[in-house]
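Please read the structure below before turning to the comments.
Throughout, read-outs are computed from the coordinates displayed, never taken from laboratory work. Computed from a predicted structure; not experimentally measured. All Cβ positions, glycine included, derive from the backbone under ideal geometry; neighbour counts span all protein chains shown.
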């Protein structure tokens, strides 16, 4: 199969099916959106790499959402990393954050050492429908954090929760996050033995090809070159690629509403002490700055609206 190089170097998720439609293949490579995710955050390199792997994983899984909602992957641990969260919406817009404890990172920078030294860490998957969906109720799956890598943890989760055989390869650094997913799809009822045998052969062959991947190869090779190296002899059904973007839901207006909730007296105290009020988004770290004129206008507006509501 021929893969055409992407001259625009967009952040893309690409999807394929094996010729017999029994194996799904997904590939992702994220650069610009990943740099945007880090623009206002400073994490140690091992934490950045781990978060990048979770970002890549979230896009691979969210690409299969059957509703216009969000997928959240959350690692909650008792180690130097207290919380790691990635949200990926159905349009493959992402946001991500990490909460660290005030303690040094362990000498070993694997998943278990950084998140689960006490053995209590959890891996949480949330499927969150759109807010205005009738009868809206989020699905939440919580399992112990198992495996030495995020890929292994996700493979175990997919096998337990979806009963789907899934293999995942992830790699990330400060410049790129990448991933490859292959998944064996269930056959229709009444399949003939020949179809079952063919599906077994497809799964074993594609799995064998994919497991030659290395971290260095994933980080240092563009998406189409990598896919060509792996699957150039395969006949694959190709789907339209999807662009991945960075998008946090924080806004100046939301931060202003939070300052109103603090109250004028507390905001004035901050102004007297610091000369400005600076608030960073808890999720993406983007700073919002309000000076004395901004806050005065903010509370004057709130007072006017409040007096109108009385009448």
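Below, the figures for the structure above:
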read-out: Residue of 95, 229, 103 that the Gaussian network model of the chain assigns the largest fluctuation, springs spanning Cα pairs under 10 Å; value: 103
read-out: Modelled FRET efficiency - R0 22 Å, residue 122 with residue 39, Cβ distances, 0.05 increments; value: 0.15
read-out: Extension gain from residue 261 to residue 66, taking 0.36 nm per residue of separation minus the Cα-Cα distance; value: 66.5 nm
read-out: Rg/Rh for the chain, where both radii come from Cα atoms and Rh is the Kirkwood radius; value: 1.05
read-out: FRET E, pair residue 205, residue 160, Förster distance 22 Å, beta-carbon r, rounded to 0.05; value: 0.30
read-out: Label-to-label distance, nm, for residues given as residue 78 and residue 214 (7 Å Cα→Cβ offset); value: 3.8 nm
read-out: Fewest-first sequence of 149, 251 by Cβ atoms within 10 Å of each Cβ; value: 251, 149
read-out: 18 Å cut-off, amide nitrogen to a point 7 angstrom out along residue 194 Cα→Cβ, residues in the stretch 22-54; value: 22
read-out: On Cα atoms only, tilt of 150-161 relative to the major axis of the chain in degrees; value: 80 degrees
read-out: Degrees, to the nearest 10: 193-210 long Cα axis against longest axis of the chain; value: 60 degrees
read-out: Contact order relative to length of the stretch 1-160, as percent, for alpha carbon pairs under 8 angstrom and 6 or more apart; value: 17 percent
read-out: Selected from 118, 285, 79 as most flexible by GNM, with the chain as the system and alpha-carbon contacts under 10 Å; value: 118
read-out: Choice from 143, 55, 289 with maximal GNM fluctuation in the chain (Cα, 10 Å cutoff); value: 289
read-out: Ranking of 88, 284 by count of other Cβ atoms within 10 Å, fewest first; value: 284, 88
read-out: Efficiency of FRET between residue 273 and residue 237 - r from beta-carbon atoms, R0 51 angstrom, step 0.05; value: 0.25
read-out: Percent of Cα pairs exceeding the 23 Å cut-off, where the set is the stretch 85-207; value: 49 percent
read-out: Order of 205, 21 - criterion: other Cβ atoms within 10 Å of each residue's Cβ, fewest first; value: 21, 205
read-out: Helix axis angle, 264-274 relative to the chain longest principal axis, alpha carbon, degrees; value: 80 degrees
